[in-house]
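The values are calculated or read from the model by the stated rules, or taken from the named source; none is laboratory data. Bear in mind that the values here come from a model prediction, so they are computed numbers and not experimental data. Glycine gets a Cβ as well: all are built from the backbone with ideal geometry, and neighbour counts include every protein chain shown.
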Number of protein chains: 2
Amino acid sequence: MTVSEPVPAPDRSAEPAAAADFALHAAEERFIEGMGLALEEDRLPRIAGRLVGLLILSPQPLRFDHLAERLRVSRGSISTNTRLLENMSVIERVTRPGDRRDYFQINEQPGLLQRVVDRFRDRQAMAEEMKQALRPSADGTGVVADRLDGFIRFYGILADSLRTVLNAMESRDGNSRPGTA
Amino acid sequence: MTVSEPVPAPDRSAEPAAAADFALHAAEERFIEGMGLALEEDRLPRIAGRLVGLLILSPQPLRFDHLAERLRVSRGSISTNTRLLENMSVIERVTRPGDRRDYFQINEQPGLLQRVVDRFRDRQAMAEEMKQALRPSADGTGVVADRLDGFIRFYGILADSLRTVLNAMESRDGNSRPGTA
DNA sequence: CGGTTTGTTTTGTCAAGACTGAACAAGATG
DNA sequence: CATCTTGTTCAGTCTTGACAAAACAAACCG
């Protein structure tokens, strides 16, 4: 699926929109929608995905109501989905002194990825348990045991390399969080 | 979620069920249901997952109607889902001379896993595209570029190590398919 | 206090997809 | 040919979950 023409926007006439920004804007839209689809594959609501996409592309934290406008969804949906992502620590809610409103930014920490690791580990555990139970009866099940071993090995290696990358990223941007220079 | 008591089975009184088999059977059930849930997370029908689970645990190919009985689902569902898995080359349909019926077995080839790799590559591509579009406007977007880089790197490494494991497994059981000894 | 602003929760609608059961097609077989 | 057998496809039902809109809560402000 690709990103098609947006529904006629309620109103956004007065904007800079320098001719060069045009392509950029299209790309942003595509990215945001793409993230919507991508996270949807991970069993998250599409809006949550779009939220993540939008926040990835934003250098500054974005205001709650800005999110609703920009994504053209109800405040309710923003509330629900920001909270969801917050709990998964994919995004972070930030506040400012003397400002009653909530802002959001993506969390540079693992977040999204941890989720994947966990899923892999779960499957590995499942296969492991099955392998155990298989042990006692040693009749015609050599092949089955092999298969399960393959499974276990696969998910194990996978989860390991995942964690490695995670760690690398974590330590990398643990120090550098520069203000754009 | 865990596997709870099965709905009262239509009939399965006369079975060996040596006291030791008991635990095994429970474990099998758990594994099969677990696979159902797991593949469901990957956007496949639950029945497809159960099918995969069942076939992983079976040393011999299983008959079409056996699948329907064992899983207690309609033949229609078996038909649909076996075909689905067949197209993804997760399972294989095998036939026997002089036997009109269809048998199925899991395919030791990648299959299921290839799917994961593809998904990662897609996401990587998405981020890559966004990074390109970002280039022209170099105003306040240093942070964003960094984030996208992180993304790209992450999925890249991930897909690579995945492919590595896949290749390893593929070459490993390409030769050895012993008959249980 | 009454009225804003800001975010949350709830209620209702809608759409997507899984699954069943029945109708169906295509061979076999008497 | 009538009738099984075996598998496929189709129509209908049911469940799930996303979403919007409205009701709500809690600060804040005058």
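Among the listed residues A:ARG100, A:ARG96, A:ARG12, identify the single one that is in contact with a strand residue (DSSP E or B) (Cβ under 8 Å, 6 or more places away or on another chain), surrounded by fewer than 16 Cβ atoms within 10 Å (Cβ to Cβ) and at pLDDT below 95.
Criteria check complete, one pass: A:ARG96.
Quick one: B:ALA26 ticks every box in (1) closer than 22 Å to A:GLY142 by Cα; (2) under 20 Å from the mean Cα position of the chain (by Cα) except a single one, so which number is it?
(2)
Within the group B:ARG147, B:ARG115, B:ARG83, B:ARG121, which residue is of a type in the set (D, E, K, R) and modelled with pLDDT of 95 or more? Break it down stepwise before answering.
Details: B:ARG147 fails: modelled with pLDDT of 95 or more; B:ARG115 fails: modelled with pLDDT of 95 or more; B:ARG121 fails: modelled with pLDDT of 95 or more.
From the options B:ARG147, B:ARG115, B:ARG83, B:ARG121, the qualifying one is B:ARG83.
Identify, please: which residue in the range B:91-113 is in contact with a Lys or Arg (Cβ under 9 Å, 6 or more places away or on another chain) and either part of a helix (DSSP H, G or I) or touching a residue at least 40 places away in the same chain (Cβ under 8 Å) (or both) and is, among those, nearest to DNA strand D (Cβ to nearest atom)?
Applying the filter and picking the extreme gives B:TYR103.
Could you grab me the full set of residues in the range B:84-93 that are more than 12 Å from DNA strand C (Cβ to nearest atom) and either within 14 Å of another protein chain (Cβ to nearest Cβ) or surrounded by 14 or more Cβ atoms within 10 Å (Cβ to Cβ) (or both)? Outline the logic, then answer.
Step one: list which residues in the range B:84-93 are more than 12 Å from DNA strand C (Cβ to nearest atom), which gives B:86-93.
Across the range B:84-93, the qualifying residues are B:GLU86, B:MET88, B:VAL90, B:ILE91, B:GLU92, B:ARG93.
So in the range A:53-83, with the set limited to residues that are within 14 Å of chain B (Cβ to nearest Cβ) and part of a loop (DSSP other than H, G, I, E, B), which one is nearest to DNA strand C (Cβ to nearest atom)?
Step one: list which residues in the range A:53-83 are within 14 Å of chain B (Cβ to nearest Cβ), which gives A:53-62.
Those left that are additionally part of a loop (DSSP other than H, G, I, E, B): A:57-61.
Values: A:LEU57: 20, A:SER58: 16, A:PRO59: 19, A:GLN60: 15, A:PRO61: 11 Å.
Filtering first and then ranking leaves A:PRO61.
Among the residues of the range A:72-90, what is the count of those that are more than 9 Å from DNA strand D (Cβ to nearest atom) and more than 13 Å from the chain's Cα centre (by Cα)?
1
Residue check: is A:GLY76 buried (at least 20 other Cβ atoms within 10 Å of the Cβ) and at pLDDT 95 or above? Can you show your working first?
On the way: buried (at least 20 other Cβ atoms within 10 Å of the Cβ): no; at pLDDT 95 or above: yes.
Criteria not met by A:GLY76.
Name the pairs whose Cβ atoms lie under 7 Å apart, with the first residue in the range A:27-48 and more than 8 Å from chain B (Cβ to nearest Cβ), the second hydrophobic (A, V, I, L, M, F, W, C) and part of a loop (DSSP other than H, G, I, E, B), and 6 or more positions between them or separate chains?
Close Cβ pairs (under 7 Å, with a partner that is hydrophobic (A, V, I, L, M, F, W, C) and part of a loop (DSSP other than H, G, I, E, B)) amount to A:GLU29/A:VAL3; A:GLU33/A:VAL3; A:LEU37/A:MET1; A:ILE47/A:VAL73.
Determine whether A:VAL52 is among the aliphatic types (A, V, I, L, M) and within 15 Å of DNA strand D (Cβ to nearest atom).
Numbers: among the aliphatic types (A, V, I, L, M): yes; within 15 Å of DNA strand D (Cβ to nearest atom): yes.
Yes, satisfied.
Within the bounds of the range A:53-65, is there any residue that is over 23 Å from A:ASP160 (Cα atoms) and free of Cβ contacts under 8 Å to residues at least 12 places away in the same chain?
no
A:PHE120 is checked against (1) more than 9 Å from chain B (Cβ to nearest Cβ); (2) under 25 Å from B:GLY142 (Cα atoms); (3) away from DNA strand C (no atom under 16 Å from the Cβ) and fails just one. What number does that condition carry?
So the condition that A:PHE120 fails would be (2).
Considering each residue of the range A:147-164, count those that are crowded, with 18+ Cβ neighbours inside 10 Å and of a type in the set (Lys, Arg), and give that number.
Qualifying residue count for the region: 1.
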